[in-house]
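Below you'll find the structure, written out as C-alpha cells, and then a few comments.
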Amino acid sequence: MSRGFESHALRSLQVRSVPEGDIMSEPVRDRGIRSLPTAQVRHGRLRRSRAWKTILATLAASLAVVLVSTVSVGAITVAQINANIDVVELEVLEGEEARVIPTVGDWEGGFNVLIVGVDNEPGQDDARARGGATLNDVNILVHVAEDQQSAVAVSIPRDLVVPIPSCPDPDGEGASFAMSAQPINVAWSYGGLNCVVLTVEALTGLSIPYAGAISFNGVAQLSTAVGGVDVCIDAPIKDPYTGLDLPTAGNWSIEGYTALAFLRTRYGVGDGSDLGRISNQQVYLSSLMRKVQNEGVLTDFAKLYGIAQVASSSMQLSSSLGRLDTMVSMAQALRKIPTENIVFVQYPGRTGGSGVYAGKVQPITSAATALFDRIRADEQFALEAGNTGIGSTLDTSEPAVVEPVPEPVEPAVPKNGKVVPEVEPTLEPVEPAAPAEVLPGVQGQTAADRTCSVSN
C-alpha cells in the first residue's frame, strides 16, 4: 500500500486503496551516518496538561440562579475540554535563545504558528491508518505581522528535501543524528512534533513558539464543526485513491470525510503532483478563512464549542498553545486582519531533479530567501497575477461587485434665494503608498481571491 498522505482509502466512502508507484519507500532511520554536524538539544519530556483549575468567586445572594448555572456550566465545559488536550514541550537548539511566550489577553505583536497534519495517529480507524512510521504530510507555517495588519501562511511540500537537525527522542532518552537531505515529511518519525518544529525553524530562520498537529479524524471533524466549506471546481473531480467524487463543475459545500478527501487528493487535481495538491488546498483554506471572518463563526458559541472539542480530542499542541486564553487571543488577532492581507503561498520548489531530488521537490533557494526576508521584516508583498499554482485558477464566474453611484446632491438654497457655492477645503497632497513588491517565482493567493480547483 502507498505510504503517502493521499493514498489511504476512506472507509466511510467505501473506496479501495490503489497502490502508487511514485512514493519513496518507508524511510530507514540510519543512526550510523552523520551528514551534518550534530546539533545538541536540551532534552525535555512529553507531558499531559493538567485540567484547568476552575475558580468560582463567592456570588452575592442576590445573583440570579440562572447566572450561577450558566457560569458553572461554562467552567465545567472549559475544564472538560482542556483535560483532553495532549501537549508537548518544544525544545530549542543548544546556543539558541528560549522561545518567548507573550502574555495573553489582548494580543500584542506578531507570532508564528506551525500547523502539522499527520497520518497514522492513534484513534484513526483501520480504513485510514497504515503501518509504519507516522509522517507529517501537511506543514503550514503561519506568520502574523507585528502590527497585526497582515499574515502569511506558507505551505511546505511534504516531499521537499531539506536538512533535518538532531532531534530529541519523544521518550526523552537520546537524540537522532542530523541529516543533510531528507523529505521533510519524515521529520515526525525522528522526534514527533518537536522535530518538525526544529526542522522548519532551521529551514526558514523563524522562531516557532507555537505548534499543533492534527490527525485525519480531526480534519474531517473540523470541517463539520464550522458548518462546511464552499469550494469551486472547474470540472468534475474523481480520485480513486482518496475516494473523492465531485461529479459536476461548480460550487460545492463539503464537510466531513468529503472535505478530507478533497484536501488529500493529488491525482484528482492539477498535474497530479504534491505541488498541485498544495494549490488545491489553498482553494479550501482561503474559503475557510472567508467563512470564519464573514459568517460569524468566531461569535457562534455552538461552532466555537465544536471547534474546541475537535482540538482537544484530535490534536497534539505545544504547551504554549494548549491554553484556552492563548487560542482565543490568537483567533481575535487573526479576525481583525483584512482577507486581502492574508496570503497563502507555497514554499518555492521544483520537481524533475536528480540525485537526492529524484521524484521529490527541490528548493528554489533564491525565491525562498526573498520570501522569508520579507516575512521576517514584516514587509508586505504581492504575487504575480494569476500565479495561483498548477492546482487552482482564478474564479472568473463571480460577477464583479459594482458600487452604487451616489445621487447628485442639490445645493442648499438659503432663505434669500441665493445659492452659496460650497468651498472645498485645501488639503495637503498625500503621497500614494508604494505598491507592494511582486515576488517572482512565488505561487499562491490571498484569502480574498476566489479560486477554483483545476481538475486533472
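Quick note: the coordinates plus some simple rules give every number you see, no bench work behind them. All values reported here derive from a predicted model rather than from experimental measurement. Backbone-built Cβ (ideal geometry, glycine too); neighbour counts: all protein chains shown.
Filter the cross-link list Lys238/Lys291; Lys238/Lys360; Lys238/Lys336 down to pairs whose alpha-carbon distance in this structure exceeds 28 Å. Walk me through the numbers before you get to the answer.
Working: Lys238/Lys291 26 Å; Lys238/Lys360 24 Å; Lys238/Lys336 37 Å.
From the list (Lys238/Lys291; Lys238/Lys360; Lys238/Lys336), the Cα-Cα distance tops 28 Å for Lys238/Lys336.
From the largest down, the range 310-399 spans 46, 43, 30 angstrom on the principal axes of its Cα atoms. With both labels modelled 7 Å from their Cα along Cα-to-Cβ, the Ala235 to Asp378 distance reads 4.5 nm. Is any residue of the range 221-248 close enough, with backbone N under 15 Å, to a label point placed 7 angstrom from the Cα of Ser397 along the Cα-Cβ axis, and if so, which? Answer for the range 221-248: 230-237, 246-248.
So what's Rg/Rh here for the range 260-337, counting alpha carbon atoms and using the Kirkwood radius for Rh?
Details: Rg = 15.2 Å, Rh = 14.5 Å.
Using only Cα positions, Rg/Rh for the range 260-337 is 1.05.
The gain in end-to-end length when the Ala385 to Arg350 segment is fully stretched comes to 10.6 nm, 0.36 nm per residue minus the alpha carbon separation.
Quickly rank 243-250, 214-221 as a protection proxy: mean count of other C-beta atoms within 10 Å, highest first. Kindly include the intermediate steps, with their values, before the conclusion.
Details: 243-250: 16.8, 214-221: 22.1.
Result, highest mean first: 214-221, 243-250.
Arranged by the count of other C-beta atoms within 10 angstrom, fewest first, what order do Trp107, Trp188 take? Numbers along the way, then the final one.
Values: Trp107 20, Trp188 26.
Arranged by neighbour count, lowest to highest, Trp107, Trp188 become Trp107, Trp188.
For the range 201-354, the share of alpha carbon pairs falling in successive 10 Å distance bins from zero is 9, 33, 38, 17, 2, 0 percent. Using Cα centres only, tell me the gap between the range 288-361 and the range 207-252 in whole Å. If we compute the Cα centre of each part, the gap is 13 Å.
Considering only the Cα atoms of the range 138-234, their convex hull presents on average a projected area of 8.8 nm².
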